[in-house]
Amino acid sequence: MRRRATKRRTVFKGALLAAAAGGTVLRLVGEALALGLVQKGVYRVKGDVRINGRPARENMELAAGDVIVTGPGAELVFVAQKDAYLVRENSRVELAGTAGALVLAGLRVVTGAVLAVFERGHAKRLVTSTATIGVRGTGVYVESERSRSYVCTCYGVTEIAPLADPAHSERISTTHHEEPRYVYASGETMMVKAPVLNHSDAELTLLEWVVGREPPFTPAPYK
């Protein structure tokens with residue numbers, strides 16, 4: 001099992017290096033798919049990351065009901081099915097779905113920030129402190145604070161609804177970060193336009209490559 005996991009990571013690291021050098025990433029990722037070496041579970045751990053209170057380690061699988069907590073300066077990249085997630089520092093994230101299932105229904109971002117890319121054709125839902133975000137085949141970045149959330153539909157389609165007033169939802173369709181939003185906990189206007197903040201195309205490229213896809217924009221090497 002350990003040898004297989006090591007081989008999987010070697011193939012994907014090779015794909016990333018080839019892409020950075022101008023190689024054909026899809027050919028290498030296609031070879032990984034054919035060999036059944038698609039990345040699963042934890043891809044990368046940086047700093048103090050806990051899953052259900054235990055230190056996270058590479059190749060750990062995650063399931064619905066698990067709780068991820070990252071400390072200062074920490075970061076976690078993980079894969080569930082054909083969706084990939086990057087959890088920022090100082091975050092608490094709860095994985096949603098049938099307890100123990102490897103197929104997730106989505107995430108609850110209690111605090112902190114998450115960047116994620118999702119397979120087409122499979123609806124998921126993200127919940128922050130102030131909003132619910134329905135996604136399908138989308139790249140999305142969220143930050144969750146007590147009185148405000150930030151939501152960037154990096155590409156694809158989302159349905160964003162304030163928790164305090166779900167009837168005033170907004171359907172967002174973008175190709176490249178055109179319509180970020182702040183979603184507030186209260187007020188006359190709970191959703192307003194926002195700038196692009198705190199996430200990059202290089203990070204989106206990494207997440208898509210890890211699950212065997214290319215982003216819908218010109219890929220940039222991850223550094």
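The values are calculated or read from the model by the stated rules, or taken from the named source; none is laboratory data. No experiment lies behind these values; they were computed from the predicted model shown. Here Cβ is always computed from backbone atoms with ideal geometry, including for glycine, and neighbour counts include all displayed protein chains.
Quick one: count up the residues across the range 104-124 that are among the aliphatic types (A, V, I, L, M), closer than 21 Å to H177 by Cα and at pLDDT below 95. Going through the range 104-124 one residue at a time, the tally reaches 1. Which of the following residues is within 23 Å of S200 (Cα to Cα) and not aromatic (F, W, Y): R171, R146? Result of the check over R171, R146: R171. Taking the range 133-151 as the range and being under 19 Å from V110 (Cβ atoms) and buried (at least 21 other Cβ atoms within 10 Å of the Cβ) as the test, the residues that pass are I133, V135, V140, Y141, V142, E143, S144, S149, Y150, V151.
The single condition among (1) crowded, with 16+ Cβ neighbours inside 10 Å; (2) in contact with a Ser or Thr (Cβ under 9 Å, 6 or more places away or on another chain) that N90 does not satisfy is (1). Of all the numbered requirements in (1) among the hydrophobic types (A, V, I, L, M, F, W, C); (2) over 24 Å from A105 (Cβ atoms); (3) touching a strand residue (DSSP E or B) at 6+ places or on another chain (Cβ under 6 Å), A202 misses one, and that requirement is (3). Looking only at the range 100-132, residues that are touching a Pro at 6+ places or on another chain (Cβ under 9 Å) and either in contact (Cβ under 8 Å) with a residue 60 or more places away in the chain or surrounded by 23 or more Cβ atoms within 10 Å (Cβ to Cβ) (or both) come to 3 in all.
Would you confirm whether or not the range 85-101 contains a residue that is of a type in the set (A, V, I, L, M, F, W, C) and either modelled with pLDDT under 50 or closer than 15 Å to V211 by Cα (or both)? I'd like the intermediate steps shown before the answer.
To start, the set of residues in the range 85-101 that are of a type in the set (A, V, I, L, M, F, W, C) comprises 86-87, 93, 95-96, 99, 101.
Then keep just the ones that are either modelled with pLDDT under 50 or closer than 15 Å to V211 by Cα (or both); that gives 86.
For the range 85-101, residues of a type in the set (A, V, I, L, M, F, W, C) and either modelled with pLDDT under 50 or closer than 15 Å to V211 by Cα (or both): present.
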